[in-house]
Every structure is written in C-alpha cells, then in structure tokens.
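Below: the structure, in structure tokens.
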Amino acid sequence: MVNAWLVLAVPDEERTHGGNDGYEDEPSQHYSWDSTVPNHAALTTGDVIALWDKKSLLGVSVIESVDTGQAVKETYTCPECGRARASRPRRNKTPAYRCWNCKAEFDAPTVQSKEVTTYRSLHSTAWVDLAGLLTGAELRSLCHSPDSQLSLRPMDWARMREKILVGGAAPSVRIVDRAERHLAGGHRTAVVRARVGQSAFRKRLLEEQGEVCAFTGPAPAAALEAAHLYSYAADGQHRPDGGLLLRRDLHRLFDLGLIALHPQQRTLDVAPELTAFADYARLHGKPVAVPLGKGHQAWLAAHWDLHRNSC
C-alpha cells in the first residue's frame, strides 16, 4: 500500500501557524515543517504528497528525500493564559493583540524559544500541477480521518488516484505512479544531495556543447539545465561525459525515465504516458542533437536499463 499525505501549504500572507512564524514553502519543489507538528517523523522517501491551500488541490508529487536539521523556534503566547495566539498584531485596534483562547487583550505576546528538528521534503521531479482539480471538501473526505485539523494528514492514495483519473488527468497519475515505483524501490530519480559546483558544471557543458538542448536542438541558455546522466545523489561528483544540457521540462521527464535513449539505435524513446502530448510524442525515434562520447553512451545505457528493462 502506498503511503500518502495531504499537507497544507498556505500563501505568504497567511504563514502563521499555532503562534509561530510559519514555514517557507514552494509547493512545486519543497515543503517544510518541524517536530512540533503531529506526524512530523512519518513522511519519508517514496510517499505520495498532495498539497492544498484549504480551498482546493494544488498538485501532487512523490517525496524524493526529506532533509532534516536543527533550529530554534520562537512561539508567541498569551501573557494571561499561556496559550498560543496569532503572531501578527491587529492593524486597526488597540491593544494590538487578542487571545484566541481566553479573549484577553494585550500589547505584546510572551515570546518563548525552543529547539526543534526541522524537516523539508524535496519533491520537484515528479510534481504535477493539478490546481483546482479537487475541492477542499473532496480532499478532506479522502483522508483517513476526514475531520482532522492536522497540517500533515494521512490519506487514501488509491481513492484520490481514482478521483484524479475521473477528472481527466490520467497522464499526471502515471507520472506519479512511475516516480513512486522507482523511489519506493530504492532508485533515486532526482538530486537530493547539495549540488556543490553545479554552476561550474553547467558552465562547462555550455562551453563544450553550446546553447543546445541535447534532445531538441538550439535553445536559449536560460532555458537549459545541466542534467546528470547518473545519480548525482548517490555519487556526489560531476563526472566527465556525465552530463548533457536539457530544457527544464525534458530534464524532469528524463529523470523520471519518461524519456530515455535507446542504447543501440541512439534514438529517443518516449514513454506511452507522454504520447497524448504532441510536442513530446514527436520526439520518439529522433536522434539526439549533440555528439555523444563513450561516457555519455555508458551512462545513458544504464539509465535505459533502469527505466526500460526493469519496468
């Protein structure tokens, strides 16, 4: 059974939770929380993560890794009852604060500091934007405890998956399925190690290969990313003949194995999940747009073995 979580991501102006300053999130890339949050240690690599904003679904992905750390967290409490209260003052009333719990009014809260463990999920590779596809009420009904008020809620992925399919987003579901299968099986499909020297690596590829996407041809440098052909997360090195320049969307699809290079034919192989999209479907059978060295060929063959021969 796939573990899945509904997690609450709120806009910048609402980032105050339970009497603290909240967390900085970028829903399509990462989500942050700490050890004061129920279920804080339960989320792990390979879990499906669905983000919402209280009103509707934002998108779905699969956790590539969870980074942990230590921090000092400030909380703001009512000086009368000691319970947590909003950390932002009222704009047009005095005293500036009013306790949610005991209704006492005061000029300044009591500030307390405590050490916490911080968590940040990385999930950009498999992210699919499904903004508005499901309502808040529908999402709550898919949780194991529909009346829960927790920001990290266990949910039924099988039921949610069916809802997404009914909503007409079958390709998105298949992308999530593929990412979950590989990550749960121990395969890293995205970088989860700090990319020290990444900018120099990209600069070298631009000097060697020019402003060319290896899969589609000439492209502006601003649109190109340095794609590792091997697992940088496991290896931690920028290897010679181990990278190609790819457009961001193609880089992501390559990491997921939705686009691969046939090692004998030296042509692009586009997975069935993408055939509904003409821009990607027309790449099937096309040769790459740059010369490939022996190292490139070896790494691309290993990528093919992982994403084609092991499926």
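The values are calculated or read from the model by the stated rules, or taken from the named source; none is laboratory data. The model shown is predicted, which means the values in this text are computed figures rather than measured ones. With ideal geometry, Cβ positions are generated from the backbone for all residues, glycine too; neighbour counts draw on all protein chains shown.
Scanning the range 121-134 for residues that are modelled with pLDDT of 90 or more and surrounded by fewer than 19 Cβ atoms within 10 Å (Cβ to Cβ) turns up just one, Gly132. When you look at His144, is it modelled with pLDDT of 95 or more and in contact with an Asp or Glu (Cβ under 8 Å, 6 or more places away or on another chain), yes or no? Answer is yes for this residue. Scanning the range 93-105 for residues that are assigned to a loop (DSSP other than H, G, I, E, B) and of a type outside the set (Ser, Thr, Tyr) returns Lys93, Pro95, Ala96, Cys99, Trp100, Asn101, Cys102, Lys103, Ala104. Among Ala158, Ala108, Ala137, which is the only one that is in the same structural domain as Val10 (by TED's automatic domain parsing), surrounded by fewer than 17 Cβ atoms within 10 Å (Cβ to Cβ), in a helix (DSSP H, G or I) and without any contact (Cβ under 8 Å) to a residue 60 or more places away in the chain? None of the others qualify; the one that does is Ala137.
Close contacts from the range 234-263, counting a first residue that is of a type in the set (Asp, Glu) and a second that is exposed (fewer than 15 other Cβ atoms within 10 Å of the Cβ) and at pLDDT 85 or above, with Cβ to Cβ under 6 Å and a gap of 6+ residues or different chains, come to Asp241/Gly293. Can you say whether Ser56 is closer than 30 Å to Ala41 by Cα, touching a strand residue (DSSP E or B) at 6+ places or on another chain (Cβ under 6 Å) and modelled with pLDDT of 90 or more, as far as the supplied structure shows? Yes. Residues in the range 211-223 that are surrounded by 13 or more Cβ atoms within 10 Å (Cβ to Cβ), touching a Leu at 6+ places or on another chain (Cβ under 9 Å) and not hydroxyl-bearing (Ser, Thr, Tyr): Glu211, Val212, Cys213, Ala214, Phe215, Ala219. Within the range 237-284, the set of residues being surrounded by 19 or more Cβ atoms within 10 Å (Cβ to Cβ) and of a type in the set (Gly, Ala, Ser) comprises Gly242, Gly243, Gly257, Ala260, Ala271. With respect to the stated conditions, Thr45 is touching a residue at least 12 places away in the same chain (Cβ under 8 Å), within 20 Å of Asp156 (Cα to Cα) and not aliphatic (A, V, I, L, M).
Across the range 75-87, a minimum of one residue is classified as farther than 30 Å from Ala131 by Cα, modelled with pLDDT of 85 or more, assigned to a strand (DSSP E or B) and among the hydroxyl-bearing types (Ser, Thr, Tyr).
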